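First the structure, in the form of structure tokens, and then the observations on it.
The values are calculated or read from the model by the stated rules, or taken from the named source; none is laboratory data. In this text, all values refer to a predicted model and were calculated from it rather than measured experimentally. Cβ placement follows ideal geometry from the backbone for every residue including glycine, while neighbour counts extend to all protein chains displayed. Ligands, DNA and RNA are excluded from the accessible area calculation, which covers all protein heavy atoms including side chains. Shrake-Rupley method; radii C 1.70, N 1.55, O 1.52, S 1.80 Å.
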Amino acid sequence: MLPFVCRGIRRVTTLSSVTSAASRARSKPINTRSEAFHSPRLIKEKLQYATDVLEQGHPLQSLQINQEVLEHVVQDTPPYFQAMGGIADCLFTLGRYAEAIPRYEILVRRYVKRKDWNSVFFSFHFSRTPRFMPAHTTLAQCYAAIGNFEKAFATLDRVLWLQGNYGAAYGTRGDLYLQIREYDKAERDFRNLIEIEPSNSLAHAQLGHCLLAKGDTSNALAEFENSQNIDPDCHSALRGLAVVRYSQKRFHEALEFSERALSKELAVDCLLVQASCLAELERYPQAVVASQKLLEVAPTFHMAHFVLGISCFHLKRFEDSISSLTRFIDEQLNPPNNAVPTHTATSYPHLDPAERKQLAEAVAVRFRARSALG
């Protein structure tokens, strides 16, 4: 799931706050449209229970409850839109983005009475409609999740035109720019978000990733540490600190940060740092296990083959080493956009100096492994 997910469609409470009336609503089916129309309290309790169930991590059950309500309420009434929002949130949580999009669009269109988006009146109306902004922001996330970045950016641009200080939209747009490697634009959005919400630990961490991608390691490290000062368990900051410490060859610290991050959420970059640190610390059996786990998560991630091949060589598993290193070398020398490969690493302009060094090491170790096999 993308960061800065906003579920501001309705008020959220914990499951412990559900009243006994809500418990009765759970067990009492809604039989007819007339009963729903004449029992607003029952409808309200059902919707609240659906919200609580979703927040407790049961989207399928919440989806079923919201669908039941939607079938028995009058169209274009507040309960109808609340149930529609609940269904959209459940589908989003389940990763069914294409199905969620038309539901969020219904919520957005609820407030659209005419097509004059430049009207001062509509700017005033939208900026003060609490349900409109979160629905629009999550709709943009759905567009991005199915690969339609053009619509995602257009949606977020419109929200920020309507309300320039809406932090969640800056965070979401910055995150999308980070995905497509538009680092300058991502940095601008995260800085705007930090100006609006200085204590947003995730914004500081994401800004750190932008700076790290641009090669500004010192300022990236400062942002990761700012994030840690606000929230020591921020996953994005832990990931960034693991990468920075590994680049500084502080392998024990990098390993600690990567393992803390992995204890919270699986991330490919943390798995790679973990495996690489274990190999650098000569803990080769553990490095092999970590590399294999990385390949299970990302089978096409060629750096995992490099770490696995080096580790297997030191464990005298020469055939496995040759196999992994050959896979790594082939993928380095034959990237998708490379037309006619040659036979020397220095002939490949798509490889930076660090990648060429790794390639040369892989070739050398593979040669030694073949020699050891005779």
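Table for the structure above
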item: Difference of contour (0.36 nm per residue) and Cα-Cα distance, Ala372 to Thr217; result: 51.7 nm
item: Nearest-20 debye value, the range 156-297 charge dipole, Cβ charges on Lys, Arg, Asp, Glu; result: 200
item: Relative packing of 150-159, 196-205, 211-220, 303-312, which averages over residues the other C-beta atoms within 10 Å, highest first; result: 303-312, 196-205, 150-159, 211-220
item: With all protein chains modelled, accessible area of Ile230 [1.4 Å, Å²]; result: 70
item: Val74 accessible area, assembled protein chains, probe 1.4 Å, Å²; result: 50
item: The range 234-318: GluC sites (Glu not before Pro) in DSSP loop, at most 15 other beta carbons within 10 Å; result: Glu265, Glu282
